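**Q** Following this message is one structure expressed as structure tokens.
What follows is calculated from the coordinates using simple rules that are stated; it is not laboratory data. Remember, it's a predicted structure, so these values are computed and weren't measured experimentally. Methodologically, a virtual Cβ is constructed for each residue, glycine included, from the backbone with ideal geometry; neighbour enumeration extends over all protein chains shown.
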Amino acid sequence: MSKSLSMLFTLVNKSNILGQIRYYASSALPQLSSEKYGIKRKHFSPLQQEDINYFKSIFKEGQVLTEESEVLPFNIDWIKNCRGQSKLILKPKSTEEVSKILAYCNEKRLAVCPQGGNTGLVGGSVPVFDEIVVNLALMNKINTLDELSGALVCEAGCILETLDDYVRERGLIMPIDLGAKGSCHIGGNVSTNAGGLRLLRYGNLHGCVMGVEAVKADGTIIDCLRTLKKDNTGYHLKHLFIGSEGTLGVVTKVAISCPSLPKAVSLGFFGLKSFENVLQLYKSAKSSLGEILSAFEMADNCAIKSTVENLKIPNPISDYPFYVLVETHGSDENHDNEKLTRFLSKEMESGLIIDGTITSEPAKMKNIWHLRESIAGAGLLDGYVFKYDVSIPLTNYYDIVLSLRKKLGDKVRNVYGYGHIGDGNIHINVTVPQYSKEIYSLLEPYIFEQVAKLNGSISAEHGVGFRKPQFIHYSKDASALQLMRELKRTMDPNGILNPYKVLPDV
Ligand SMILES: Cc1cc2nc3c(=O)[nH]c(=O)nc-3n(C[C@H](O)[C@H](O)[C@H](O)COP(=O)(O)OP(=O)(O)OC[C@H]3O[C@@H](n4cnc5c(N)ncnc54)[C@H](O)[C@@H]3O)c2cc1C
């Protein structure tokens with residue numbers, strides 16, 4: 001093992017499952033993104049010693065990282081597909097510090113890569129060349145919580161799980177939940193418009209985020225940090241920062257609406273014999289469970305099997321072709337349990353559910369969620385994972401997995417599908433012993449062409465990042481792309497913010 005790689009391992013947080021997966025799955029440093037994908041460096045200024053001296057003069061120790069071993073983890077993405085070449089990591093502690101960094105970089109034409117928890121899955125969070133990484137981890141203060149309205153105001157570097165723990169103690173929950181919650185930042189969630197496990201119930205971030213504070217490329221602080229549900233005063237500027245993946249500004253503060261902590265939570269985990277039955281069960285769950293339905297997730301046999309085998313996480317039921325996880329959030333435990341049990345017996349009788357378990361015990365629910373949430377990382381232990389995150393109308397939702405299996409045959413280890421049925425969002429993972437250009441060219445653009453033919457979106461929730469700009473035209477027409485370019489030019493005329501991401505080169 002190379003020295004730099006072993007240093008990377010000691011830096012990952014081995015106490016959480018994500019850290020462990022990265023640790024065990026790592027066998028070599030990923031190839032540089034610029035070489036792997038043949039990218040040419042744009043005409044930004046190269047970093048000089050005087051730039052480093054400037055940042056050292058305005059920041060304290062620990063806020064400016066330049067040692068090779070310290071910088072390396074910030075250059076590599078979570079799935080170890082992309083590797084940048086940044087030589088400088090800056091960790092601002094306030095909005096004013098972010099503003100100073102950007103004003104300086106804009107003046108000097110130095111490119112910048114904003115970074116949150118670095119759990120993004122499309123290579124957007126790491127540099128491609130020598131962009132300066134602006135990591136928000138030290139901006140982790142919770143500013144205010146209005147327990148009556150549920151409005152939480154916090155800095156962008158707060159970890160999602162920490163926020164959820166904080167608001168739970170005060171009778172609320174975060175409206176967003178995802179497998180990476182122990183590492184991802186709320187600023188990263190907003191910048192990617194993350195979806196996750198409970199979007200079905202609480203909606204997406206364009207609805208839940210009440211306001212943002214962000215810094216433009218030239219250092220101007222934009223204050224849209226309102227905590228009102230209604231504010232129809234002109235353009236809704238916060239939406240520009242939700243999902244723009246660090247290309248229009250750096251999000252520094254977020255105001256988000258937190259729903260009440262549900263008094264009753266129940267969870268069902270079911271085995272089904274076909275995908276057709278998964279769809280029918282979804283229809284039935286919507287009508288039988290109504291307003292208490294908070295999650296409807298599906299995974300195929302291969303997704304669960306490889307998670308059980310690779311991570312030694314037990315499956316609470318036997319082996320079935322498809323699995324469905326249903327969660328309810330309500331206010332009356334007896335009433336909700338009765339509804340869920342009635343739903344289970346009805347659908348066992350109809351034959352849609354072959355086997356299943358229902359629980360309201362926190363420890364048991366946690367174990368089932370743990371199995372579901374670990375699917376995303378389990379494939380890394382096969383060697384390398386090609387990951388896709390697409391939206392497809394429900395009737396054709398699973399077709400892409402079947403067609404990929406047929407196309408790839410035994411050239412790959414596994415092809416599996418899992419995801420958020422309620423959102424029409426499927427994650428497709430193709431695992432191989434190591435990265436292979438041959439498999440890559442069989443997958444792309446094939447997969448995006450198929451999604452476009454089915455009127456789907458090539459990115460449901462992970463974003464475009466570094467990996468998909470050249471395919472964005474499958475989901476955005478030329479007029480929309482033109483408007484995106486005009487917005488980018490207005491907000492970041494020198495193009496210093498997250499270059500090589502989101503927008504394709506003309
Ligand atoms: C195990 C696992 C499960 C996941 N499950 C889901 C899921 O269910 N749903 C989902 O949507 N995603 C999921 N993801 C993807 C990822 O966690 C989300 O995209 C998350 O929102 C990224 O947050 P982050 O703080 O890690 O951002 P990063 O990965 O650091 O950055 C992501 C993008 O946002 C930009 N960015 C980050 N912070 C800021 C900021 N403050 N200002 C401006 N730009 C910024 C970066 O430049 C980059 O383009 C999962 C990832 C993993 C590893």
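**Q** Could you give the length gained on full extension between Tyr446 and Arg109, defined as 0.36 nm per residue of separation minus the Cα-Cα distance, in nm?
**A** Net length gain for the segment: 117.6 nm.
**Q** State the Cα centre-to-centre distance between the range 380-410 and the range 122-195 in whole Å.
**A** So the two Cα centres are separated by 29 Å.
**Q** Can you pull the one-decimal nm distance between simple spin-label points at Gln48 and Leu32, each 7 Å off the Cα toward Cβ?
**A** 2.3 nm
**Q** Lys312: which aspartates and glutamates have alpha carbons under 16 Å from its alpha carbon, excluding same-chain residues fewer than 8 sequence positions away?
**A** Within reach: Glu373, Asp382.
**Q** Would you work out the relative contact order for the chain, in percent, from Cα pairs under 8 angstrom that are 6 or more residues apart?
**A** 15 percent.
**Q** Additional query: By a straight-distance test (C-alpha under 27 Å), which lysines pair with Lys93 as possible cross-link partners, with residues fewer than eight away in the same chain excluded?
**A** Straight-line reach from Lys93, under 27 Å: Lys14, Lys56, Lys60, Lys108, Lys141, Lys181, Lys216, Lys238, Lys253, Lys488, Lys501.
**Q** Taking a ≥ b ≥ c as the square roots of the Cα gyration tensor eigenvalues, with a/c under 1.5 meaning rounded and otherwise prolate when a/b beats b/c, else oblate, which class fits the range 264-375?
**A** oblate
**Q** If contacts are Cα pairs under 8 angstrom and at least 6 residues apart, what is the relative contact order of the range 264-375 in percent?
**A** Reported relative contact order: 47 percent.
**Q** Taking GluC sites (Glu not before Pro) that fall in a DSSP loop and have at most 10 other Cβ atoms within 10 Å as cut points, what is the longest piece of the chain between them?
**A** Longest stretch, sites excluded: 170-506.
**Q** To continue, here is another question. Among Lys91/Lys468; Lys366/Lys387; Lys91/Lys305, which pairs are too far apart, with a Cα-Cα distance over 30 Å?
**A** Lys91/Lys305
**Q** Could I ask something else about it? By the scheme Lys and Arg +1, Asp and Glu -1, what is the net charge of all other residues having a beta-carbon under 15 Å from that of Asp218?
**A** +3
**Q** Rounded if a/c is under 1.5, else prolate if a/b is larger than b/c, else oblate: which is the range 154-206, with a ≥ b ≥ c the root eigenvalues of its Cα gyration tensor?
**A** oblate
**Q** Count the net charge of all other residues whose Cβ sits under 11 Å from the Cβ of Tyr435, scoring Lys and Arg as +1 and Asp and Glu as -1.
**A** After counting each charged neighbour, the total is +2.
**Q** Mind running the shape call on the range 118-173? Use the C-alpha gyration tensor, a ≥ b ≥ c as the square roots of the eigenvalues: rounded below 1.5 for a/c, prolate if a/b tops b/c, oblate otherwise.
**A** Verdict is prolate for the range 118-173.
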